[in-house]
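Taken together, the values in this text are just the output of simple stated rules run on the coordinates, not laboratory data. What you see is a predicted model, and the numbers here were worked out from it, not measured in a lab. Here the Cβ positions follow ideal geometry from the backbone for every residue, glycine too, while neighbour counts run over all protein chains shown.
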Amino acid sequence: MIKTSIAGVLVAAITLLSHSARGQDNMPECRTRKDAESSASICITRGSAFRHDYYALVVDRDLIFTLADDFAEDIRLRHTIPPGPAIEFPLSRADGGKVVEIRGGCVPVSKDNTEVARLCNIYWGKKQIIKDELFEFN
């Protein structure tokens, strides 16, 4: 399901600014997953012919990352939560540990030796925030 959201608008603005120098004006396609505690969006901004696609993760209206397709396949981000009061994402404190990791990615799906889609799955700690989101290519 494709939804327009604040996350999509945020990613669109950042993407348009970062790509304007190269003449790209593609709007991102976002998939959003919500539950009682948080919302997460994975967005793709498709590059023109022979250009990279870009994947962005937005959680609770905050941009976490934007990565070119080559680097979006196996993502591992690790954060050590400092002792005492600190500004942290609620998902970072959910597992109760001192270290939280964002892991997963958007892996190629091939048919007849041609990439036809990307399948995205991302975990924040133990919680899966993006599950089986498929971006197909024409």
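With respect to the cross-link table entries K34/K98; K34/K131; K98/K127, which display a Cα-Cα separation exceeding 20 Å? Long pairs (Cα-Cα over 20 Å): K34/K98. Highest mean first, the peptides 116-126, 26-36, 76-86, 51-61 sorted by other C-beta atoms within 10 Å per residue fall in the order 51-61, 116-126, 26-36, 76-86. Computed over the Cα atoms of the range 21-133, the ratio of the radius of gyration to the Kirkwood radius (Rg/Rh) comes to 1.02.
Compute the Cα gyration tensor for the range 37-93, then decide on rounded, prolate or oblate, letting a ≥ b ≥ c be the square roots of its eigenvalues: rounded whenever a/c is under 1.5, prolate when a/b is larger than b/c in the other cases, and oblate in all that remain. If you can, show how the numbers build up before the last one.
On the way: a/c = 3.69, a/b = 2.18, b/c = 1.69.
Verdict is prolate for the range 37-93.
Projected label points at F65 and T80, each 7 Å from Cα along the beta carbon direction, are separated by 2.0 nanometres. Backbone phi angles across the range 63-80, fed through the Karplus curve with coefficients 6.51, -1.76 and 1.60 (θ = phi - 60°), yield HN-Hα couplings of 6, 8, 7, 9, 10, 5, 3, 4, 10, 9, 7, 9, 9, 9, 10, 10, 9, 9 Hz in residue order; Gly and Pro are listed as x.
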